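Engineer: I have a structure I would like to understand better, so I am pasting it below and will then ask my questions one at a time.
Please treat every number below as a calculation from the coordinates, not as lab data. Model, not experiment: these values are computed from the prediction. Neighbour counts run over all protein chains shown; Cβ positions are idealised from the backbone, glycine included.
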Amino acid sequence: MALMLTLAAFGNITMSDGGFGAVQGAIGMQTTYQHPNGMWRAIESPVLIWMAFGLITLCEISAAVLCWIGAIKMWGSKSSKEQFHTAKASAYLGLGVAACLYFIGFLVIAQEYFLMWQSTKLNVLPDAFRIFASAVLIALWVNTDD
């Protein structure tokens, strides 16, 4: 998960124009059915779009760093069950940030509020669900007895 989140953040940083365009299309509701009763939700302000894109990237960076810290601490404390259990805290936080980003940010806000489910071009919801489910499953696995 740490590697995946690192690569996601790296892509957002190195190809910010593409990420900005995707967020702009999603929260601007550019590829939805354009129903007049729903279009009032669209956000077209470049400042707000950059803020949303920045928040997504910041969450990915934070989650990646926390997951890396957790993995390194867990690896370094394999000899002691108590230390290993304590070392899991950072991993839990990182996985929690990732799960919240992809569930709340994508599956709730983007899908339902910005009607992303209507888009065939920008529908990243299956990918968001895969990442959310992976974060939750990994957290459950980390939570198992040592």
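Engineer: Go through (1) in a helix (DSSP H, G or I); (2) over 18 Å from Arg41 (Cβ atoms); (3) not hydroxyl-bearing (Ser, Thr, Tyr) for Asp145 and report which single condition fails.
Structural biologist: (1)
Engineer: Working carefully through the options Gly38, Gly11, find the one that is surrounded by fewer than 18 Cβ atoms within 10 Å (Cβ to Cβ) and under 16 Å from Tyr102 (Cβ atoms).
Structural biologist: Result of the check over Gly38, Gly11: Gly11.
Engineer: Okay, next question. Confirm whether Ala64 is within 19 Å of Ser134 (Cα to Cα), of a type in the set (Gly, Ala, Ser), in contact (Cβ under 8 Å) with a residue 24 or more places away in the chain and crowded, with 16+ Cβ neighbours inside 10 Å.
Structural biologist: Yes.
Residue by residue, here is whether (1) under 30 Å from Gln34 (Cα atoms); (2) part of a helix (DSSP H, G or I) holds:
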residue	(1), (2)
Val108	yes, yes
Trp117	yes, yes
Lys121	yes, no
Asp127	yes, yes
Ile138	no, yes
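Engineer: With the requirement that a residue be surrounded by 13 or more Cβ atoms within 10 Å (Cβ to Cβ) and either at positive phi or under 21 Å from the mean Cα position of the chain (by Cα) (or both), what does segment 14-35 give you?
Structural biologist: Hits for segment 14-35 are Ser16, Gly19, Phe20, Gly21, Ala22, Val23, Gln24, Gly25, Ala26, Ile27, Gly28, Met29.
Engineer: In addition: Mind listing just one residue for me: the one in segment 17-45 that is in contact (Cβ under 8 Å) with a residue 40 or more places away in the chain and assigned to a helix (DSSP H, G or I) and, of those, nearest to Ile72 (Cα to Cα)?
Structural biologist: That would be Ala22.
Engineer: Output the number of the condition that Ser79 fails; it satisfies all remaining conditions of (1) part of a helix (DSSP H, G or I); (2) more than 27 Å from Gly18 (Cβ to Cβ).
Structural biologist: (1)
Engineer: Let me ask another. What's the number of the condition Glu112 fails, among (1) assigned to a helix (DSSP H, G or I); (2) in contact (Cβ under 8 Å) with a residue 60 or more places away in the chain?
Structural biologist: Of the numbered conditions (1) assigned to a helix (DSSP H, G or I); (2) in contact (Cβ under 8 Å) with a residue 60 or more places away in the chain, the odd one out for Glu112 is (2).
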